[in-house]
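**Q** This is the structure I have questions about; it appears just below.
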Amino acid sequence: MKHKVETFVNFPIHDFDLTNYVADKRSSRSQLYELYALTNPYGGMGSGHYTAHIKLLDENRWYNFDDSHISPINEEDVKSAAAYVPFYRRAKSDTSGSGVAGSRRARDITSYKH
């Protein structure tokens with residue numbers, strides 16, 4: 001007998017840090033990701049229905065897509081036990097030399113001067 005697992009799994013919406021898992025360890029650039037979409041399957045193993053939560057980046061607002069019905073939702077409602085496949089995109093990083101990544105670069109450059 002097979003059954004669908006419906007356990008809530010907590011996942012980050014903002015600042016999903018994958019820095020320790022990138023191939024180029026020499027890079028001081030932080031690998032931070034932001035959730036922008038999520039699928040939600042409902043039903044059992046034999047049949048069901050899918051919805052999606054999608055963040056419209058231009059509006060910085062989350063929406064629930066359910067067939068032909070689209071409705072705005074609050075960010076805190078994005079996470080649920082129905083969450084199945086999260087979609088992330090790399091967050092914009094600060095390349096101007098300021099901020100956390102810039103501080104790391106400045107520290108690294110300073111250490112080479114000595």
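**Q** Consider just the alpha-carbon atoms of the stretch 1-92 and return their Rg together with their Dmax, both in angstrom.
**A** 15.7, 49
**Q** Same structure, new question: Could you tell me, in Å, what Rg and Dmax come out for the Cα atoms of the stretch 28-67?
**A** For the stretch 28-67, the Cα radius of gyration and maximum Cα-Cα distance read 14.4, 47 Å.
The numbers here are math on the coordinates, done by the rules we state, and not lab data. Keep in mind that what you see is a predicted model, and the values were worked out from it rather than measured.
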